[in-house]
Amino acid sequence: MRRARPGAARGGAPRMPAAGGGQAGAGPHGGPLRHRESRRLPAAAPRPATPPAAARPAALALVTLLSFASRFYRLPEPPHVCWDETHFGKMGSYYINRTFFFDVHPPLGKMLIGLAGYLSGYDGTFPFQKPGDRYEQHNYVGMRGFCAFLGSCLVPFAYLTVLELSKSLPAALLTAFILIFDTGCITLSQYILLDPILMFFLMGAVLSMVKCNGCANRPFSASWWFWLSLTGVNLAGAMGVKFVGLFVVLLVGLNTIYDLWDLLGNLSLSLVMFGKHLLARVLCLILLPLALYTAMFAVHFTVLNKSGPGDGFFSSAFQSQLIGNNLHNVSVPEHLAYGSVVTMKNLRMAGGYLHSHWHLYPEGIGARQQQVTAYLHKDLNNLWIIKKPDLDTDLSDPSSPVEFVRHGDIIRLEHKETSRNLHSHQHEAPLTRKHFQVTGYGINGTGDSNDFWRIEVVGRKAGKLIKVLRSQVRLIHVATGCILGSSGKTLPKWGWEQVEVTCTPYLKETPNSLWNFEDHINPKLPNISLDVLKPSFAEILLESHMVMIRGNSGLKPKDNEVTSKPWHWPINYQGLRFSGVNETDYRVYLLGNPVIWWLNLVTIGLYLLITVSTAVALKRGVQLTSELKELSRIMLHGGGQIALGWLLHYLPFFMMGRVLYFHHYFPAMLFSSMLTGITWDALLKFCAGFLLPSTTARKVYGGGFLALVLLIMYSFYLFHPLSYGMIGPMASDPSSPMAGLRWMDSWEF
Amino acid sequence: MVPPTRGEPGGPSPQSPRIPRPPTGHGGAGGPAPPSPPFDEVYYGQFVSLYMKRIFFVDDSGPPFGHMLLALGGYLGGFDGNFLWNRIGAEYSMNVPVWSLRLLPALAGALCVPLAYQILVELQFSHCAALGAALLILLENSLITQSRFMLLESILIFFILLAVLSYLKFYNLQRHSFFSGSWWFWLLLTGVACSCAVGVKYMGLFTYILLLAIAGLHFWHMIGDQNLSNVSLMWHFLARGLALIVIPVSMYLSFFYVHLTLLYRSGPHDQIMTSAFQASLEGGLARITQGQPLEVAYGSQITLRNVLGKPMQCWLHSHTNTYPIRYENGRGSSHQQQVTCYPFKDVNNWWIVKDPGMQQLVVSNPPRPVRHGDIVQLVHGITTRYLNTHDVAAPLSPHSQEVSCYIDYNISMPAQNLWRVEIVNRESDTDVWKTILSEVRFVHVNTSAVLKLSGASLPEWGYRQLEVVGEKLSKGYHQSMVWNVEEHRYGKSQEQKEREVELHSPTQMDISKNLSFMAKFTELQWKILTLKNEDTEHKYSSSALDWITMDTNIAYWLHPTSGAQIHLLGNVVTWASANIAAVVYMCLSLWYLIRRRRKVYDIPEGAWQLWVSAGGICVGGWAVNYLPFFLMEKTLFLYHYLPALTFQILLIPIVLQHLGDHLCRSLLLKSMFSASIVAWFSSVYFVYCTFSPVTYGEPSLSVTELKDLRWKDSWNILIRKH
C-alpha cells in the first residue's frame, strides 16, 4: 500500500509544468490551430502567442504514458480471482477448451479474453471457481494485461475526442487527467472484465464519429472513409461485447440523422450527391457492423463445438450439433407416429423433460394420483408412448401399418415405465393455484376421458405431420381446454425437487406451454440422421439472441435484496468489493475518486445552466462577440453531443427491471468526464474574458486550470489505495490509514 | 396479511372474479341493465363501499380522485356501502344505487362527444370535420361500453380531452388578448383538468407531460419574439408555471388530503402501512397503542415489527423449539432456541430491553430511556432467553449468521448477546428510542452483524414462520434490517403490578397527532407506487401489440340465462381507419418535411402550420398514451388503449379534410372523395349497429348470431353449451 504512493507521485510531479500549462509566460498551450484567424479579434480572451508546435503530440504522448503507467502498475496484484473474473475468466477458458456455454452477453468480449489468454500462454485449465481462488502457476497476467491495455486506450481516446470537439488543449488535458486519476476507471481496467473492452469500443466509436464529423468538409476523402468505416467497426465491437453497446449505436444514429438532415437542407448539394452520402452511411454504419456482428457469432459457434454447461439453454435441434452431447450424431425417425416412444422437452429456458414416476401426490395436494413433473436430466422415466384415444387398436403388432400423428389429432400419452396415462382435471395444481393439476392415471393404459389431449403444432394448419425436434407442439386437454405447461417452480421434497407441471387455463403462447419431441423410437420407421434437421445459421443466431434476451430479463432482484439504484451512481454512493473482506485480506474496492465524481456531478448542473442561459440569450437575439460565439458553439454543439451521450448511457437504466450494479455507470462516466473538460475550459475562458489586461486574464485562466489539475492529483494521492490495494484495518477503524477518507457511511473499504 | 390484489376483492373467494362465472340468479326487473356488477365494477365497487364506511384502504392501481368521484355517485344515491363485491354477476341488492353509481362515468363519456367537436374547431378545422370527429366518438362501441359502467376510463378520457381543449382555447386567445379574464380561465382550467386526469389514473400523466412539452415549445417561440419585453416574458413564464405546475401539484396533494380525511377508520389494508400510520387510524392499532409510554427505557416490554412489511408484516418472535441439529441438506446448526418473525400477534412476540450491566428486568423510577448507540440485551419475555447471534450459518441463508435465543449447552460457544441500538431516522446522535416513531437497527457488538428479516419462510420444523438472520455484509440501508417498537409497556414485577398501575403515570402522548399530512401522504404515495401484484395471468389480459388491431376483447357480463352479454369491443371500421389515418399522416408529414427541406412548398404555410399542430396533439396524444405500455410489466387489458384510441380517432377527420382540401384538386375528384366519405360513414354506422347488442347487452342473441359476430378468431364471445 505504501509502495503505491511514490508510483503515483513519480507519474505526476515532474510533468506538472508541461501538463498544467503552469509556466506563466506560455499560458495555456491549447490554442486551437484551425481557429487562429478568429482568435485575434478581442484582446480579452487569453490566447497563447505562439503555441509550441510539438505541444500536441507531446501532450498526447504524456497522457498515454501516464494512462498506461497507472493501469499497469501492480497489475498482477492480487494473485487471486477477483469479483466477476470468476465468470469472464471462466468463459475465456471455455473458448480455449472449445466448450459450449451460455452467457447473457454477446460473445466478442469473452472471445477476445480467450484469445488474449491463448496468446499469452494460458492453457485454460484454471477452474475460476469462486472469487478468492489463487491462480498459483496459471498465467493470468496476459488476460489482465489485455484488458488493462484496452482500458489505458480510453484516456488518449477521450483526449482526442475532446480536442476535436473543443479545439482546446487544456480542455482535452483536463479530461485526460480526470480519467487517468480516477480510481474507479483504474480498478475497472485492471481485471479480466468485459467493461474495459466495452468502453474501448464505445470510446473508439465516439472518437471516430467525431473525427468523421471533422472531415465533413472533405467528404469521400480517404480519411473520411477511414473514420466512417472505423465508426462502423467500433459499433459492431461495442454491440458484440454487451447489449449496452446499443446506446452508443443510438448516439451515432442520432448524429447521423442530424448530419443527413443538414446535408438535405444544403441546396447546393444535388440529390444524387445526397444519395451517395446516404448510401455511404448505410454501408458503413449499418451493413458493415451487421456483417461484423454476424461474423462474430459465426466464429463463436465454430469455436465452441463441444458440449458443455450451456447446452440445456438451447433447443434440442441446436444441441444435436455439439460434440459430446447425447443428441450428437444420433439418428431418429423424422415424423411422429402412433406407437412411438418419445421424450418431450419443455421449451422454456432450461426447461425439463416431461417426467413421471411411481410416487403419488401427497395427501391434501390435489387428487392422490401419480406425480407428473418436469425433470432436467435424461432418465427412463421420461419416456412416453403415443397412443390413439380408442383403446382397441394394438399398435405393438409389427404388421399393422404405420400411422403418423397429425396436427389437431386427439392422442393419449402413456408413461412407459408405469403404464399410466397423462391426465388432468379440475383440481388446483400444487404450487400454481390457478392452474390445474396434472397426474398419471389409469392402470395398464386404461384410463378415462380426462386422458385425451389434442396435439397442435405452432403455426401449422390441420393435417400436417409433426417433426421430431423441429416442431413446437402444444398439448390441449380436451375435457377442460387447458394447455400442458411447466411453471418453472420447484416442487418441495415430496416431488423430489423436480419442476412443477400444470395445465394452464390461460391460453397464452409462452415457451412454458410449448414442447418438442426429442428422443423418438419407432422400429417401424426408417431412421434419419439428425444432420438433416440441422438448424441454419440464421436460426441459430435468432435462437441465441432470444435466449440471451430472456436470460437478461431473468436477472431480477429478489425481494429482500439490497440492490444498487441508478441514482446512487453519479453521487458515488456505494462501491463494489472486488477483493477481500477482512482486515487481513488484500482489499480492492471499486469506487470512483469522489473529488472527480462530485466535480463531474456539479459540472452537469453547471452545463445545464450555461447552455439554457446561452440558448435563451441567443434566441432573444443578444449580440455576442465572435469569441463568445465560438465558445457558445462549442458548448451547445460539441458539449451537446457529449451530454446526449451521457443521457443515453444513463437514463435507460432507470427503466430496466434487471439487477443493476455500480459498474454500469462507467460508460456514462466517460461522457461526464469529457463534458467536465469542455465545460470548465469554456467557463474559465469566459470568466477570464472579463478581465481587461490580457496578462491577468491569462494568469487567471492558467491558475484556475492548474488548481483543478492539482485538486484531482491530490485526491488521487489520497484515494489511490482503493485501486492499488489496501491491507490493514477497515476504514471504519480509526487506526486505519484510510480512516479519514470514509466520507460517506455507505463506503465499505 | 397480503396486499390487496386486483380482482380479488372479497378475499376468501378463490376464483378471480373478473372471469364471469356461470351465473346463479336471474335478471332483475326495473333497474338499469345489467343489474349485476360486470367485470371491474366489483373492483372499484369495493372501494366505494369502503368510502361509504370511511374505512382506510390502499389501491395500487392509481391515485384516489377517481375512486372518490365514483364514491360521490354512491353518496348522492344514498348508498350505505353494504354489498359484498366478490363475484362478477352476483345480483345487486336493493340498497345499491346502481343508477347513480354509474351516472358520473356515463356523463363523462357522453361529454367526450362535444369535447371532441370543440377540439377540432379550436384546431381551426371546419365544422364538418368537427362533426365527423364527434360522430366517430359517438359511434365507437368500446367507448360506449366503457362509459356505461362504474369504471374510470371514461372519466379519464373526459379530463384528458378537457385539458387539451382548454389549452387550445388558451393558445388561440394568446394571439390577441393575453392576461384577459378568459385567457386566465382557460389557462387555469388546463392545469386543473390535467391534475384531475392524473388524479384519476396515472395514465393521465402522459397527456400532462405532452401538454407541458407543447406549452414549453410555444413559450420557446415567444422567447424569440423580439416585440415582447423581458419583463412581460417573465410574467408569461410565471403565469404558465403557476397554472401548469403549481396548481396541478397542489390539487394532487389535496386529493390525498381529502382521501385521508375521509378515511379515518382502520381497515383491511392496515398491515402494509407502518405502525405510525396505523396508529393514526381509528380503531386499529390506535386502540392498542393509546396511552402507552413513548420512550423505550431499560426494562421496557416491547414487540418489534419489521419495517419492510414484505412478504407480510411480522414481529420478532421466539418459542421453545430449537433449531434442528442437522438440516436436510446436512449442514449443522447451533441447536439453540429458534428466533423467527411471526405474522400474527402472539404472547411470544414480547421482548424485554435489558441493561447489560444490571440484573433487573423492570423499569427503574424514574425510567432510564435508551438512546441511539446504547448497548442493550433483548430478553425473550416468556422463555427469558437472550437474543443471540454467532458465526453459524443461518438455516436458509447460509451467507448470513444464525440468530437464536441462547441456551448454554456448556460447549465452547459463549453467549454473544450484546446489541447496539441504532436509530435510523434520528435527528441527533443523542435521540431517545421512541415507540412506533423510531426505526432502529440492531447491530451485534461482537460480529457487527445486523438483525435482518431474510424473507424466506422456514420449513416444517420452524412452523413456516419467517427466517431472521444476522447480516454480516450489511450493504447500506434496507428496510428489512429496520425494526420499530409497536406495543410497549413499562415492565413491573408481578407482585407489584396492581399497585404500580396507579402509581406510575408514563409520559403519554397521542401519536396520531404527531404524524403530519405530508408524512402520511409520502408514505401512502410510496406504497401505491411500490405495491406489486403477483397475478400476471388473466384470461382477458392482452399485450399492447394486440390492441392496435383489436385482436382481443374482454367479456364484461353474461346474462344468467339467455345469451345476452356485454363485451368490450371496438368499432372495427373506426379502428382500422384510425390506424390508416395515423400511417397516412406520418407518411405525408415525412414527405412534406423532406420537400420543405429542399425548399419545395406543396401546401401553403398556413395549412402546414395547421397540419403540424393538429398532428402534434393527435399523433402525440396517441403515442404518449400507447407506446409506454410496451415498457410496462403489469397485466394489461384492452381498455388501457382507449385514451390513445380517442386521440387516434380525432386524427381521422383531420387527415380526411387535408386530403380533400389539398390533394383532390379537380371537381370530379372532390365529389368522388365526398361520396366515398359518405359510404365510409355508413359502414361505421352499420358496424356500430351490428355490434350494439354486445355493447348494450340487449337484445339477447341466438347462438348463430353470436357466432356470426365472431369476426376474428381471437375474439372470445361466450357461447353457452347446451
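Could you grab me the full set of residues in segment A:619-636 that are under 19 Å from A:G677 (Cα atoms) and in contact (Cβ under 8 Å) with a residue 40 or more places away in the chain? Matches in segment A:619-636: A:E627, A:L628, A:E630, A:L631, A:I634, A:M635. Checking B:I223, B:I209, B:I214 one by one, the residue that is within 19 Å of A:V612 (Cα to Cα) and either more than 14 Å from chain A (Cβ to nearest Cβ) or touching a residue at least 12 places away in the same chain (Cβ under 8 Å) (or both) is B:I214 and no other.
For segment A:581-591, indicate whether the set of residues that are within 24 Å of B:S397 (Cβ to Cβ), at pLDDT below 85 and within 10 Å of chain B (Cβ to nearest Cβ) is non-empty. Yes: segment A:581-591 contains one or more residues that are within 24 Å of B:S397 (Cβ to Cβ), at pLDDT below 85 and within 10 Å of chain B (Cβ to nearest Cβ). Scanning segment A:497-511 for residues being part of a loop (DSSP other than H, G, I, E, B) and more than 13 Å from chain B (Cβ to nearest Cβ) gives a total of 1.
When A:S746 is tested against (1) more than 30 Å from A:M203 (Cα to Cα); (2) assigned to a helix (DSSP H, G or I), exactly one condition is not met: (2). Determine whether segment A:685-701 contains at least one residue that is closer than 20 Å to A:T183 by Cα and away from chain B (no Cβ under 14 Å). For segment A:685-701, residues closer than 20 Å to A:T183 by Cα and away from chain B (no Cβ under 14 Å): absent.
Checking each residue of segment B:419-427 against the condition of being of a type outside the set (D, E, K, R), over 27 Å from B:S334 (Cα atoms) and touching a residue at least 24 places away in the same chain (Cβ under 8 Å) gives at least one match.
Quick check: anything in segment A:232-245 more than 30 Å from A:S544 (Cα to Cα) and in a helix (DSSP H, G or I)? Checking segment A:232-245: not a single residue is more than 30 Å from A:S544 (Cα to Cα) and in a helix (DSSP H, G or I).
Taken together, B:N172, B:N141 contain a single residue that is surrounded by 18 or more Cβ atoms within 10 Å (Cβ to Cβ), of a type outside the set (S, T, Y) and modelled with pLDDT under 95, which is B:N141. Residue-level analysis places B:F255 outside the set of residues that are crowded, with 16+ Cβ neighbours inside 10 Å and over 30 Å from B:E486 (Cα atoms). Among strands (runs of 3 or more DSSP E) entirely within segment A:414-482, having at least 1 residues that are more than 38 Å from the chain's Cα centre (by Cα), under 12 Å from A:T502 (Cα atoms) and modelled with pLDDT of 85 or more singles out A:421-428, A:436-441, A:473-477. Being touching a residue at least 12 places away in the same chain (Cβ under 8 Å), within 30 Å of A:F404 (Cα to Cα) and more than 14 Å from chain B (Cβ to nearest Cβ) holds for only one residue in A:G339, A:G310, and it is A:G339. Please work out if B:S180 is without any contact (Cβ under 8 Å) to a residue 24 or more places away in the chain and either among the hydrophobic types (A, V, I, L, M, F, W, C) or away from chain A (no Cβ under 14 Å) (or both). So B:S180 fits the description; yes. Only one entry in B:L107, B:L101 is closer than 30 Å to B:E698 by Cβ and surrounded by fewer than 19 Cβ atoms within 10 Å (Cβ to Cβ), namely B:L107. The number of residues in segment A:651-668 being surrounded by fewer than 22 Cβ atoms within 10 Å (Cβ to Cβ) and either among the aromatic types (F, W, Y) or not in a helix (DSSP H, G or I) (or both) comes to 9. Quick one: is B:V440 within 13 Å of chain A (Cβ to nearest Cβ), within 23 Å of B:G381 (Cβ to Cβ) and not acidic (D, E)? Judged against the criteria, B:V440 is not a match.
Of all residues being more than 14 Å from chain A (Cβ to nearest Cβ) and surrounded by 15 or more Cβ atoms within 10 Å (Cβ to Cβ) in segment B:580-606, which is modelled with the lowest pLDDT? Just the residue, please. This residue is B:I603.
Restricting attention to segment B:644-671, the residues that are within 19 Å of B:M586 (Cβ to Cβ) and not in a helix (DSSP H, G or I) total 0. Looking at segment B:391-406, is at least one residue farther than 21 Å from B:V440 by Cβ, assigned to a loop (DSSP other than H, G, I, E, B) and of a type in the set (V, I, T)? Looking through segment B:391-406, none of the residues is farther than 21 Å from B:V440 by Cβ, assigned to a loop (DSSP other than H, G, I, E, B) and of a type in the set (V, I, T). The helices (runs of 4 or more DSSP H) found entirely in segment B:151-267 that carry 1 or more residues being of a type in the set (K, R) are B:153-174, B:230-241. Within segment A:27-46, does at least one residue satisfy the condition of being assigned to a loop (DSSP other than H, G, I, E, B), exposed (fewer than 15 other Cβ atoms within 10 Å of the Cβ) and at pLDDT 50 or above? The answer is no, given that none of the residues of segment A:27-46 is assigned to a loop (DSSP other than H, G, I, E, B), exposed (fewer than 15 other Cβ atoms within 10 Å of the Cβ) and at pLDDT 50 or above.
Do we find that B:G89 is farther than 25 Å from B:D661 by Cβ, in contact with a strand residue (DSSP E or B) (Cβ under 8 Å, 6 or more places away or on another chain) and touching a residue at least 24 places away in the same chain (Cβ under 8 Å) in this structure? In short, yes.
Condition check for A:E497 on (1) surrounded by fewer than 23 Cβ atoms within 10 Å (Cβ to Cβ); (2) at pLDDT 80 or above: one failure, at (2).
The values are calculated or read from the model by the stated rules, or taken from the named source; none is laboratory data. Predicted model only: the values in this text are computed from it and were never measured. In this analysis, Cβ positions are derived from the backbone assuming ideal geometry, glycine residues included, and neighbour counts consider all displayed protein chains.
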